[in-house]
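Note sheet for the following structure.
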Amino acid sequence: MLTWRRAFPAATAARGETVKALAALTRRAVTRVGADRTVLGLTIAVPGLVDPDGAVPAAPALGWRGVPLAASVRRALRDPGFPVAVDTEANLAVLAERRHGPYAATTDLIHLTGGPAIGAGLISAGRLLRGGRGFAGDVGHLPLAADGPACDCGRRGCLTALLGVDAVIRRLLPGAGPVTDHLPEVERIQALARAGDEPVRTGLTEIGRLLGQAASVLSGLLDPEVVVVGGHLAALAPWLLPAAHAELAARAPVPPGVRLEASTLGSAAGALGGATAALATVEAGRLPAG
Ligand SMILES: [Zn+2]
């Protein structure tokens, strides 16, 4: 499997630049795959709302509103001859969990994404829950702390404003400034936590407690077997999960039946889910042309 990772300042870049960058990366990947192999599809994971046409009605973490993403990328690729799909990072990540890794046989599971926006991919009774308009699992703006930090959506104390990767970096690494590539900053937090840095450890415990509250709300709604956390929440799980487990247990009226665990798929869960989704259309009998 070929995996590339490239940081891009999508939250501050012009929309056209983001589309151009996506198209350029796609062209490079297609060239790399080689002319003797068939590209089954391109799937783009977005930390925000996605409608059935692959448009993004809103993604506050990116500052996007009404972006016809699938159509724009298709146009930028000059109708590439393979399907271009867009879905939420959360939906794709939970599809990857359901297909690969230790929860593959689990019929009731939730993947809570780490990253710039917190979203939930929901699988209930073996099926992905999309809701009426495709927006199910958009939990990033659930209010968790009325007096919490300001959120990109204009309110305060939302899940994303407390647990999103930018919020976590701002809180634990004061003075880090705006960050394009989150990975080195998350690694810095890991190193400080490992070294026993007191403020970082205390901050992680408090963030873990909030994560437990979020997991408790989701568990109350859907009664899953497992809630899997991804992205930076998985990377910081050794310090977040003990407090999160305690909070989850304290909030449950009966001993909680849900497990709260770190994803083993790493930051590529969304990408893996994207590949899984493209393969699923082939398995459903829609063979590619040519
Ligand atoms: Zn918000």
- Task: Quick one: give the max-minus-min coordinate of the C-alpha atoms of segment 236-290 along each principal axis, largest first, in Å.
- Result: 57, 26, 11
- Query: ALA55 versus ARG75, label points 7 Å from Cα toward the beta carbon: distance in nm?
  - Reply: 1.2 nm
- Query: Which values of log₁₀ I(q)/I(0), to two decimal places, follow from the Debye formula for segment 41-84 at q = 0.28, 0.29, 0.32 Å⁻¹ with a uniform point scatterer at every Cα?
  - Reply: -0.99, -1.03, -1.14
- Item | For the chain, diffusion coefficient by Stokes-Einstein and Kirkwood Rh (Cα), 4 °C, 1.567 mPa s, µm²/s | 66 µm²/s
- Task: Note the full-extension length gain between ALA21 and ARG188 as 0.36 nm times their separation in residues minus their Cα-Cα distance, in nm to one decimal.
- Result: 57.4 nm
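One-quarter of the Cα convex hull surface for segment 107-215, in nm²?
Working: hull surface 32.6 nm².
The number I arrive at for segment 107-215 is 8.1 nm².
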- Query: Okay, helix-only estimate at 222 nm for the chain: each DSSP H run of n ≥ 4 adds -39500 (n - 2.57), divide by all residues, round to 500 deg cm²/dmol; what do you get?
  - Reply: -13500 deg cm²/dmol
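Grab the Cα-Cα distance for GLU198 and ARG133, subtract it from 0.36 nm times how many residues apart they are, and report the gain in nm with one decimal. Walk me through the numbers on the way to the answer.
Numbers: separation 65, 0.36 × 65 = 23.40 nm, distance 4.48 nm.
Extra length available between GLU198 and ARG133 comes to 18.9 nm.
Determine the dipole magnitude for the chain: charges of +1 sit on the beta-carbon of Lys and Arg, -1 on that of Asp and Glu, nothing else is charged, the reference point is the Cα centre, and the result goes in debye to the nearest 20.
Working: 28 positive and 24 negative charges, 157 e Å.
The calculated dipole for the chain is roughly 760 debye.
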- Item | At R0 = 41 Å, FRET efficiency that the Cβ-Cβ distance of PHE8 and ALA125 yields, to 0.05 | 0.65
- Taking the Cα centre of segment 154-256 as origin and charging only Cβ (+1 Lys, Arg; -1 Asp, Glu), how large is the dipole, in debye to the nearest 20? 280 debye
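For THR180 and ARG99, FRET efficiency with R0 = 22 Å and r from the beta-carbon atoms, rounded to 0.05?
Details: r = 30 Å, r/R0 = 1.38.
For R0 = 22 Å, the calculated efficiency reads 0.15.
Only the coordinates and a few stated rules stand behind these numbers; no lab work does. Quick caveat: nothing in here was measured; it's all calculated off a predicted structure. Here the Cβ is made from the backbone with ideal geometry for all residues, glycine too, and neighbour counts use every protein chain on show.
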